[in-house]
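To keep things clear, I will list the structure first and then write my remarks on it.
The values are calculated or read from the model by the stated rules, or taken from the named source; none is laboratory data. Fair warning: this is a prediction, and the values are worked out from it, not measured in the lab. A quick note on method: Cβ atoms are made from the backbone with ideal geometry, for glycine too, and the neighbour counts reach across all protein chains shown. Heavy atoms of the whole protein, side chains included, go into the accessibility calculation; ligands, DNA and RNA do not. Shrake-Rupley method; radii C 1.70, N 1.55, O 1.52, S 1.80 Å.
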Amino acid sequence: MKMLYKEKKQKFDERQFMVPTSEYRGAPFWAWNCKLKKELLLKEIEEIKDMGMGGVHIHCRVGLDTPYLGEEFFENVEACKEKLKKEKMLCWLYDEDRWPSGSAGGIVTKNVQYRSRFLVFEPEGVDKEEKEEFMSAAKAVRSKNRFLLGSYRIILNEEGRLKSYQSLKTEKPNEAGEIWSAWLEVSGDTPWFNNQAYVNTLDKNAINQFIEITHQEYYKRFADEFGKTIPAIFTDEPQTCHKEVLSEPFEKKAVILPFTDDFDDTFQKRYGFSILECIPELIWERENGEISQARYFYHRHLCERFSEAFGDNVGKWCEDHNIALTGHMMNEWTLYSQTMAVGEVMRPMKYFTLPGMDMLCDRRELSTAKQVQSIARQMGREGVMSEIYGVTGWNFDFRNHKLAGDWQAALGVTVRVPHLSWVSMEGEAKRDYPASIGYQSPWYQEYSYIEDHFARLNTAMTRGKPKVAVGIIHPIESYWSYWGNQKQTATIRQKLEAEFENIIRWMLYGLIDFDFISEAVLGEETQPQGLDQFIMGEMRYQVIVVPDCFTLRESTYKRLKAFQEAGGNLVFMGAIPEYIDGVKDSRVSEMAEKCSQIDYSCESLLNYLEVYRSVDIFIRQAEGIDATRIVQKEEGIRTDNMFYQIREEEECRWLYAM
């Protein structure tokens, strides 16, 4: 695959810095939202260039009145590609009619075998819910197309914990208890997917069909420009059916969980038992208070199936066809949102050439940015993409455009995809998420001030390699273990959520950079761990922090142990994990006795990691000493509102702090 940033290995050129080329510049979502007319499209490319942009993402939106992926559609793509090439700009592709990616605007899912499936676990005698929601997500759309997977007699104790359960297929039922049944249901139709359904993202065959209908059609027409004028294709919010829980253990309602036809077959091959025999453990807490290995392995296998079918599959196709894969997952921000929609966001992006994120509403999702930056570093990727400025409104000014871009640049973003530049405001198109970052805004001809700033920044911050000493085990797999009814699990999940947000803020604002380590990605690491530096892909960490996890993978434990035995610095923060692969196991505690242990606090963490500090920034009053002023902040202490990144080359370092 050809490099996007071809100048990064050349000697730094001040002329390149002053007038950066297209690859360093933003490329907005260019909303094709009307009847396409070549004259209008070509004119708008010139206007987008005048804004300082380096290209466009051809992005189909609400209002498109030209058949998606039809010949007329591709004729317009061809005309725009040629115009962009002439203007020395880039033509970034987008893989879907609107979003989320996978169904090709419903073309894929006209075939029922490729439609999303989900498990419905419901009590006997409860009427099926009919949800007629118009949604741009993969939430379950109920249908009558379903078949029985199994029925269970459930006995809960007085607290609502799972006392016992029996599969009515294999065992003689007791008299006590209630009957619940598990059904595999095929998604119904929804208007958002053009009266079809979302795709089955757990099925590689379904995603192969998506690739055949979408990616292959682009390749057939534009292969000669793949890796040149066409650098990448953007995939948007792939996801599984969204997971649900009961509000309290005695609630009588259907619970939806992602599933597919052969899920139990692949589960048994990988873990040695049938998940269908253990479905009640996905819903209720065990009576003895221990976490359920079946539940843990269910969430783990779900993420495996999703990653292998979508991200791995599409990413490897792109690599084989000389085009980068960029885009982002659904619901990246919190442990809750990731678990609900994708399992976790790092492993599914392992094979993304330019992993990315979605930053809506001018939020400060530090976790979202840090996760994608981490996987990009570990996989040796050239940069990080951000779909930026979405849903910020018409009054979002240049000051805010710069601030939003600056903090993301400090967390590794180099590919800016401004959301959104409309082709038209006609009809339904004007109801799309504002603002339009294009000719409809009166300031569009001045926007090059913003783009020049970030393009120059990118010429520096794409050079060299990241300098990072600290790796932190991502805690999401412990969170999976408590995906149960809200009454009994919400408090502990909220604790994990707060700790997750806290450790990110403590590290970043404490000015010690770090990467998260996905246990799923670590489990696939093939380089031997025999050094006092922890090996994770392209990165080498000097210290590893295990932050109040309940369970670790067997593979994680083995690599941590090898690191510790080689003299590596391993520190446990907060509680020591009591489980390995969801089963009680004392080996982590025994290992921890030979390692450092600290409290789960900002002070303990930063004090312990002080030796690994590369940057420190202290407060000084801008107005100097003035006895007539009331001093509001102490001088000489570390700032608490800045963070940074460092890139290293042979002869210099690049530091960007904001």
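So which residues in the range 521-534 are open to solvent by 10 Å² or more (accessible area, probe 1.4 Å) and within 18 Å of R347 (Cα to Cα), if there are any at all?
Across the range 521-534, the qualifying residues are G523, E524, E525, T526, Q527.
Determine the pairs where a residue that is in contact (Cβ under 8 Å) with a residue 40 or more places away in the chain, located within the range 488-503, has a partner that is part of a helix (DSSP H, G or I) and open to solvent by 50 Å² or more (accessible area, probe 1.4 Å) with Cβ atoms under 7 Å apart, the partner being 6 or more residues away or on another chain.
R493/Y336; E497/Y336
Could you list, in sequence order, all residues of the range 480-503 that are outside any loop (DSSP other than H, G, I, E, B), under 19 Å from G343 (Cβ atoms) and within 22 Å of the chain's Cα centre (by Cα)?
Across the range 480-503, the qualifying residues are W480, R493, L496, E497, F500.
Any residue in the range 627-648 that's in a loop (DSSP other than H, G, I, E, B) and polar (S, T, N, Q): show its pairings with residues that are open to solvent by less than 90 Å² (accessible area, probe 1.4 Å) and at pLDDT 95 or above at Cβ separation under 6 Å, as long as the two are six or more apart or on different chains.
T639/I617
Could you look through the range 626-648, keep only residues that are open to solvent by less than 60 Å² (accessible area, probe 1.4 Å) and closer than 17 Å to R505 by Cβ, and pick out the one that is modelled with the lowest pLDDT?
The extreme case among them is T639.
Any idea which of F147, F134 is at pLDDT 95 or above and out of contact with any Cys (no Cβ under 6 Å at 6 or more places or on another chain)?
Just one listed residue meets the conditions, F147.
When D50 is evaluated against the numbered criteria (1) among the acidic types (D, E); (2) free of Cβ contacts under 8 Å to residues at least 60 places away in the same chain; (3) under 20 Å from G438 (Cβ atoms), which criterion, by number, is the only one it fails?
Here D50 meets the rest and fails (2).
Specify which of the listed residues (W92, W99) is at pLDDT 95 or above, aromatic (F, W, Y) and assigned to a strand (DSSP E or B).
Being at pLDDT 95 or above, aromatic (F, W, Y) and assigned to a strand (DSSP E or B) holds for just one of W92, W99, which is W92.
Based on this model, can you work out whether K35 counts as outside any helix (DSSP H, G or I), touching an Asp or Glu at 6+ places or on another chain (Cβ under 9 Å) and basic (K, R)?
For K35, the condition - outside any helix (DSSP H, G or I), touching an Asp or Glu at 6+ places or on another chain (Cβ under 9 Å) and basic (K, R) - is met.
Identify all residues within the range 204-250 that are in contact with a Pro (Cβ under 9 Å, 6 or more places away or on another chain) and on the phi > 0 side of the Ramachandran plot; write none if there are none.
The answer is E237, and nothing else.
Return the residues of the range 102-129 that are hydrophobic (A, V, I, L, M, F, W, C), at pLDDT 95 or above and open to solvent by 10 Å² or more (accessible area, probe 1.4 Å); say none if nothing qualifies.
I107, V112
Do the conditions hold for E554, that is, is it closer than 30 Å to L282 by Cβ and in contact with a Pro (Cβ under 9 Å, 6 or more places away or on another chain)?
Judged against the criteria, E554 is not a match.
State all residues of the range 210-225 that are open to solvent by less than 10 Å² (accessible area, probe 1.4 Å), under 25 Å from E87 (Cβ atoms) and among the hydrophobic types (A, V, I, L, M, F, W, C); if no residue qualifies, say none.
F222
Residue check: is E477 touching a helix residue (DSSP H, G or I) at 6+ places or on another chain (Cβ under 7 Å), of a type in the set (D, E), surrounded by 20 or more Cβ atoms within 10 Å (Cβ to Cβ) and at pLDDT 95 or above?
Spelling it out, E477 is indeed touching a helix residue (DSSP H, G or I) at 6+ places or on another chain (Cβ under 7 Å), of a type in the set (D, E), surrounded by 20 or more Cβ atoms within 10 Å (Cβ to Cβ) and at pLDDT 95 or above.
Only helices (runs of 4 or more DSSP H) wholly contained in the range 268-345 count here; list those with 3 or more residues that are in contact with a Ser or Thr (Cβ under 8 Å, 6 or more places away or on another chain), within 30 Å of H419 (Cα to Cα) and at pLDDT 95 or above.
313-320
Taking K467, is it without any contact (Cβ under 8 Å) to a residue 24 or more places away in the chain and closer than 30 Å to Y557 by Cα?
Answer is no for this residue.
List the pairs whose first member sits in the range 198-209 and is closer than 11 Å to N111 by Cβ and open to solvent by 30 Å² or more (accessible area, probe 1.4 Å), whose second member is modelled with pLDDT of 95 or more and among the aromatic types (F, W, Y), and whose Cβ atoms are under 7 Å apart, counting only residues at least 6 apart or on separate chains?
Qualifying pairs under 7 Å: Q209/Y114.
Which residue pairs have Cβ atoms closer than 8 Å, lie 6 or more positions apart in sequence or on different chains, and pair a first residue in the range 602-616 that is over 15 Å from M573 (Cα atoms) and outside any helix (DSSP H, G or I) with a second residue that is of a type outside the set (V, I, T) and open to solvent by 30 Å² or more (accessible area, probe 1.4 Å)?
Partner pairs satisfying both residue conditions: S614/K467; V615/L655; V615/A657; D616/R638.
Within the range 10-32, can you find the residues that are more than 24 Å from H453 (Cβ to Cβ) and either out of contact with any Cys (no Cβ under 8 Å at 6 or more places or on another chain) or among the aliphatic types (A, V, I, L, M) (or both)?
Hit for the range 10-32 is A31, nothing else.
Only one of these is under 20 Å from K430 (Cα atoms), of a type in the set (G, A, S) and surrounded by fewer than 24 Cβ atoms within 10 Å (Cβ to Cβ): G63, G70, G52. Name it.
So the residue among G63, G70, G52 that is under 20 Å from K430 (Cα atoms), of a type in the set (G, A, S) and surrounded by fewer than 24 Cβ atoms within 10 Å (Cβ to Cβ) is G63.
If you check every pair at least six apart or on different chains, which have Cβ atoms under 7 Å apart with a residue in the range 79-106 that is among the basic types (K, R) first and a residue that is open to solvent by 30 Å² or more (accessible area, probe 1.4 Å) and in a loop (DSSP other than H, G, I, E, B) second?
R98/V62; R98/S136
Looking only at the range 162-177, count how many residues are modelled with pLDDT of 95 or more and open to solvent by 70 Å² or more (accessible area, probe 1.4 Å).
1
Restricting the range 596-625 to residues that are modelled with pLDDT under 95 and of a type in the set (G, A, S), which is least open to solvent (accessible area, probe 1.4 Å)?
G624
Restricting attention to the range 13-45, which residues are over 22 Å from T66 (Cα atoms) and either in contact with a Ser or Thr (Cβ under 8 Å, 6 or more places away or on another chain) or of a type in the set (D, E) (or both)?
D13, E14, Q16, F17, P20, E23, Y24
Condition first: part of a strand (DSSP E or B) and either modelled with pLDDT under 95 or open to solvent by 20 Å² or more (accessible area, probe 1.4 Å) (or both). Now tell me which residues in the range 543-595 satisfy that.
Of everything in the range 543-595, those that are part of a strand (DSSP E or B) and either modelled with pLDDT under 95 or open to solvent by 20 Å² or more (accessible area, probe 1.4 Å) (or both) turn out to be N569, V583, K584.
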